[in-house]
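The values are calculated or read from the model by the stated rules, or taken from the named source; none is laboratory data. Nothing here was measured: the structure is a model prediction, and the numbers come from that model. Cβ: placed from backbone, ideal geometry, glycine included. Neighbour counts: every protein chain shown. Keep in mind that these areas ignore ligands, DNA and RNA; they rest on the heavy atoms of the full protein, side chains included. Shrake-Rupley method; radii C 1.70, N 1.55, O 1.52, S 1.80 Å.
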Amino acid sequence: MEPTAKNPDPHHIFIDEVQGHQRRWLKVIQFTSSSTKAAAIMLAAAIVALVIANSPFFEPFEEFWHTHVVVGVGGFIGEMSLAHIINDIFMAVFFLLVGLEIKYEMTVGELTNIRQAALPIIAACGGVLAPIVIYSIFNATNPETSHGWGVPTATDIAFALGIMALLGNRVPNGVRVFLSTLAVADDIIAILVIAIFYGQSPSLMWLAIAAAILVVLVLMNRAHVYALTPYMLVGCLLWFAVFMSGVHSTIAGVLLAFTIPTGSRVDLQKFMTWSGDRVREARAAYVETEPVTLQKDYMFTVTRLSSVARQVVPPATRLEHMLYPWVYFAVLPLFALTNADVSFLGGDVLAMVSSPVFFGVFFGLLLGKPIGILLFSFLTVKLKIANLPDRVNWIHMLGAGILGGMGFTMAIFVANLAFPEAVLIADAKIGILSASLLAGVIGFLFLFMQAKAAERQGISYVSASLDEVVRQTAGEEAADMADDVVLGCGDEDLVDDVREVLEAEGGVAEFVVHEIRDEAEAEEAEDVTGTRP
């Protein structure tokens, strides 16, 4: 049984005096692991930025973010504004987390099986190409704005999956898997677009230095260096070299992520035997009547066990879990606060919402994304390259495609790189914010209506797992809801059946639960059916 906020210590490991602390700590962990809450905080930060930008406080607010921080080491003196620190340094940490998630998906996740991943990958390509076409229709003949074609191409994974999480187990897990995999593939394309098309003219010398540092990181990986500190220190040097090269510095975060080991330095098979021996030693050495600080043999054994057990978790996984709450509850809200500041005061609002940049970005996200995703998905299925996920229909796919039009973080990030003039950036931001808001509402409504249709048939979807496999995706909250459904039903046989399916299916399964409403239906219905998503 896993700890919950209501029952933080199901195995009664901790003393009674700290149960309240455990309960509060678990609430914090659950809060900072929630896609929905992360998206809500980002949205709140964007709203605050918009309110301030259209108030008398905008000028001092803007001046604050342009305050310069000066750092000197020996003869070297560097300075950077607070806004640039967020966009160039903090966002590099965001890209580090994105890189870790991409690496996870490519090594053990949805991108390992190319046939299984073909549908969302091809759909992501369509979701990039269609917005480019729509943006170009409005801007191809204008040399000042044509370079902004990359703005409406990226999906904001936090907002899209946050909306998906609101639906819980009302939608099949295949929809979540499709959208999260599409968003990861989308991020890969966005990173390539930023690196290739939106950097300055690169310095070959600094690029060579960055390449040499990257080689050092790869050699560290090959030499089985599993401590995170060396990677972080060398990663800072990589960031500086990329920053000086003219390529956008956030790319350094992705490059660093791909060098951090995803394996464990501990032989897991031998660890099982070794840890069991240490537990037995600790049990033999423990004296109940003595204070723990006097039990040297017991403390020595437990310390050894704790030290090795910490190293079982791969460095990439440790770093990802460490970064997630900071990125989604600090870095991205700060980015929203400093970059969603569109001011309508003293400006021609009609001119803003009628500019070709606004039209290209707005329709590129709101129409281009779902059209591209649906069209390429349809062709992929019709050409028998891949199939729709289990229990997923085209209404589900349309809803997911519309949610793909939420382009907040990446879109604003690219807009800042694409346009040199503040007026064009403001036009793009208005298009991004309005399209993302509409895409979120409309996409949610499509999926919600489909969920209501399933509910009228007495059908709900329960996703469950034996271990932590859902991570950043909206599936984490759905899995928590599933635990309440399965474990709270009071049917021990059902719980045993669920665990059997999980073990047989590799730790992940989805169950379709049919509500039995009368005796005739009860005779025909099966209690639960399980299949792997």
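Key figures
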read-out: Residues that are open to solvent by less than 80 Å² (accessible area, probe 1.4 Å), at pLDDT below 90 and not β-branched (Val, Ile, Thr), drawn from region 281-294; value: Pro291
read-out: Total residues in region 184-213, condition outside any helix (DSSP H, G or I) and open to solvent by less than 40 Å² (accessible area, probe 1.4 Å); value: 3
read-out: Within region 306-340, tally of residues that are within 29 Å of His84 (Cα to Cα), touching a Lys or Arg at 6+ places or on another chain (Cβ under 8 Å) and among the polar types (S, T, N, Q); value: 1
read-out: Residue match in region 101-114 (condition: assigned to a helix (DSSP H, G or I), open to solvent by 20 Å² or more (accessible area, probe 1.4 Å), closer than 28 Å to Lys429 by Cβ and hydroxyl-bearing (Ser, Thr, Tyr)); value: no
read-out: The listed residue being outside any helix (DSSP H, G or I), open to solvent by less than 10 Å² (accessible area, probe 1.4 Å), touching a residue at least 60 places away in the same chain (Cβ under 8 Å) and closer than 22 Å to Thr112 by Cα, out of Thr155, Thr181; value: Thr155
read-out: Checklist (1) in a helix (DSSP H, G or I); (2) open to solvent by less than 30 Å² (accessible area, probe 1.4 Å); (3) under 23 Å from Gly431 (Cα atoms) applied to Asn169, failing item; value: (3)
read-out: Residue count for region 222-266, restricted to those that are within 13 Å of Phe95 (Cβ to Cβ), open to solvent by 20 Å² or more (accessible area, probe 1.4 Å), not aromatic (Phe, Trp, Tyr) and not in a loop (DSSP other than H, G, I, E, B); value: 1
read-out: Meets criteria (β-branched (Val, Ile, Thr), in a helix (DSSP H, G or I), crowded, with 22+ Cβ neighbours inside 10 Å and out of contact with any Asp or Glu (no Cβ under 8 Å at 6 or more places or on another chain)) for Ile134; value: yes
read-out: Matching entry among Val381, Val342, Val331 (being within 18 Å of Ala53 (Cβ to Cβ), of a type in the set (Val, Ile, Thr) and touching a helix residue (DSSP H, G or I) at 6+ places or on another chain (Cβ under 8 Å)); value: Val342
read-out: Cβ-Cβ under 6 Å pairs, at least 6 apart or on other chains, region 372-387 side under 10 Å from Ile122 (Cβ atoms), far side open to solvent by less than 10 Å² (accessible area, probe 1.4 Å) and outside any helix (DSSP H, G or I); value: Ile373/Gly404; Thr380/Ala386
read-out: Region 324-361, residues that are modelled with pLDDT of 80 or more and open to solvent by 30 Å² or more (accessible area, probe 1.4 Å); value: Pro325, Trp326, Phe329, Ala330, Leu334, Leu337, Ser354, Pro356, Phe359
read-out: Breaking point among (1) at pLDDT 85 or above; (2) of a type in the set (D, E, K, R); (3) more than 23 Å from Val184 (Cβ to Cβ), for Glu79; value: (1)
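Residue-wise test of (1) of a type in the set (Lys, Arg); (2) out of contact with any Asp or Glu (no Cβ under 7 Å at 6 or more places or on another chain); (3) more than 17 Å from Ala411 (Cα to Cα); (4) part of a helix (DSSP H, G or I).
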site	(1), (2), (3), (4)
Ala39	no, yes, no, yes
Leu43	no, yes, no, yes
Ala46	no, yes, no, yes
Val51	no, yes, yes, yes
Val69	no, no, yes, no
